[in-house]
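Down below is the structure, laid out as C-alpha cells.
The values are calculated or read from the model by the stated rules, or taken from the named source; none is laboratory data. Just so we're clear, the structure is a prediction, and the values are computed from it rather than from any experiment. Methodologically, a virtual Cβ is constructed for each residue, glycine included, from the backbone with ideal geometry; neighbour enumeration extends over all protein chains shown.
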Amino acid sequence: MFRRGERTQWITVGVVGAAVLGACGATPSHHKSTVKVAPAQAKLIVPTPVDASSLTRLSTSGTFWLVGGPQSSRGLYQFTFTSDRELRSVPLASGATSVTALTNGLLAVGIGTASSGAVEIRSADLGTLQRSIPTAGPVLAVASATTGDTIFALVTVHGAASVVQMNEAGRLVGPTISVPSNSVGISVSPQGNTLYTLTSTGSVVATSTRSGVTLSNFTVGHSGEALSESEDGQTLYVLKGPGSQRNVAVVNLQTEEVLRVLPAPADAVALTVEASSGTLFDLVGSASVGNVQEFSLS
C-alpha cells in the first residue's frame, strides 16, 4: 500500500511553570473493542486501545503513533496500516493527551493533569523518552508543521489558553499566542507560518505564528473536536458534532468556506489527512471503543 511520507528547559505561559511530570506508568493495557463504522464505507479499520485521543500522520512506511488507553494505563502505541497490527507500546503518564511527529525523527507528546503539564520529547522509532519539558499548565494538544520541527503546545493556565512555540530543547522560538479559552485543538500550515485554533463551539481562529496577530476568524459548525490541514495548505478538515453524530467539514482556506461535509464514525476524536492520495483517517476513542478508520476523500 502506497503512503505519502511526512516527512531541560523551563517554559512558562504567564505564570511560574510546574514541576516535571513523570513519564513512567504501568504497562499500557489495550482494552480493544467492537468497531463502530461511519455511514460511509471505511476502506480499512485498525483496532486500537480504547480512550484514544490523538494520532500522528503516517510515515513513509505506513506507520503511525497514537496516545490511548485508560488513564490508569495510558500509553503511546505504534501501528502499521500495511499489516494492520500493533508494532510496539510505551507507557505514559496518566495525563497524556496528544502526540505529533516532527521531521527530525522525534515525537512530541503533550501531558496535562488538573493543574500541571509538560511536553515529552521521544524518539519516533521506539518511542524512547529523551527529555520532559515542563509547561505552566496542562497541555491540551500539540501540533507541528509538515516541513519543520517547531512544537506548538496548547496550554491552559487558570482558565486562559495560549499556544507556546518551542524547539525540541524547550527553548521558545516564537511569540506565545493567546487563543480562546474554549480552544480544543490546533493545526499548523505546512510552512509553519499560520496557526489554526478550533474552539468547542466550532469556530476557527487563524493566527500568524511570527507576529501572533489574528488573521481571520470563521465558523465551520457546532461542537468542534479536532482539525487537520492538507499537505498543500489549501484545505482544512474539521471534525465536529456531538459524539454520536460526528462529521468532517472540508474548508477551502482561500475563501474560508465549507465546501462539503463528510460523514465520520461515532466517537471520532481526531483525524489526519493525506489529500494527495485522497485519504482521510479518523481516530475513534471512547471508554469502550478504539480504532482508526480509513476513508476515501472522493
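I'm trying to understand the selection: among the residues of the range 85-102, which are within 18 Å of S54 (Cβ to Cβ) and over 14 Å from the mean Cα position of the chain (by Cα)?
Passing the criteria: E86, L87, R88, S89, V90, P91, L92, A93, S94, G95.
Those residues that are among the hydrophobic types (A, V, I, L, M, F, W, C), farther than 12 Å from S189 by Cα and within 17 Å of the chain's Cα centre (by Cα), I need them from the range 220-239; list them, please. If the condition is that a residue be among the hydrophobic types (A, V, I, L, M, F, W, C), farther than 12 Å from S189 by Cα and within 17 Å of the chain's Cα centre (by Cα), then A226, V238, L239 are the ones that fit. Checked against (1) surrounded by 15 or more Cβ atoms within 10 Å (Cβ to Cβ); (2) in a strand (DSSP E or B), P265 passes all but a single condition, namely (2).
A quick yes/no check of all residues on (1) aliphatic (A, V, I, L, M); (2) more than 16 Å from T56 (Cβ to Cβ); (3) out of contact with any Cys (no Cβ under 6 Å at 6 or more places or on another chain):
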residue	(1), (2), (3)
S216	no, yes, yes
G224	no, yes, yes
L280	yes, no, yes
G285	no, no, yes
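Close Cβ contacts (under 9 Å, 6 or more residues apart or on different chains) running from residues in the range 166-191 that are under 30 Å from S276 (Cα atoms) to residues that are outside any strand (DSSP E or B) and among the acidic types (D, E) comprise N167/D149; E168/D149; P190/E231; P190/D232. Where residues in the range 268-284 are farther than 11 Å from S54 by Cα, under 16 Å from the mean Cα position of the chain (by Cα) and not aliphatic (A, V, I, L, M), which of them is surrounded by the fewest Cβ atoms within 10 Å (Cβ to Cβ)? Of everything passing the filter in the range 268-284, E274 is surrounded by the fewest Cβ atoms within 10 Å (Cβ to Cβ). Exactly one residue out of L44, L66, L21 is modelled with pLDDT under 50 and on the phi < 0 side of the Ramachandran plot, and it is L21. When the range 147-156 is filtered for residues that are crowded, with 21+ Cβ neighbours inside 10 Å and touching an Asp or Glu at 6+ places or on another chain (Cβ under 9 Å), only I151 remains. Look at V109 and say whether it is surrounded by 22 or more Cβ atoms within 10 Å (Cβ to Cβ), of a type in the set (A, V, I, L, M) and either closer than 21 Å to E225 by Cβ or at pLDDT below 95 (or both). Here the answer is yes, as V109 does meet what is asked. Scanning the range 172-203 for residues that are closer than 24 Å to Q254 by Cβ and part of a loop (DSSP other than H, G, I, E, B) turns up P180, S189, P190, Q191, G192, N193, T201, G202. Being of a type in the set (D, E, K, R), closer than 30 Å to A136 by Cα and in a loop (DSSP other than H, G, I, E, B), is that true of even one residue in the range 79-92? No, the conditions are met nowhere in the range 79-92.
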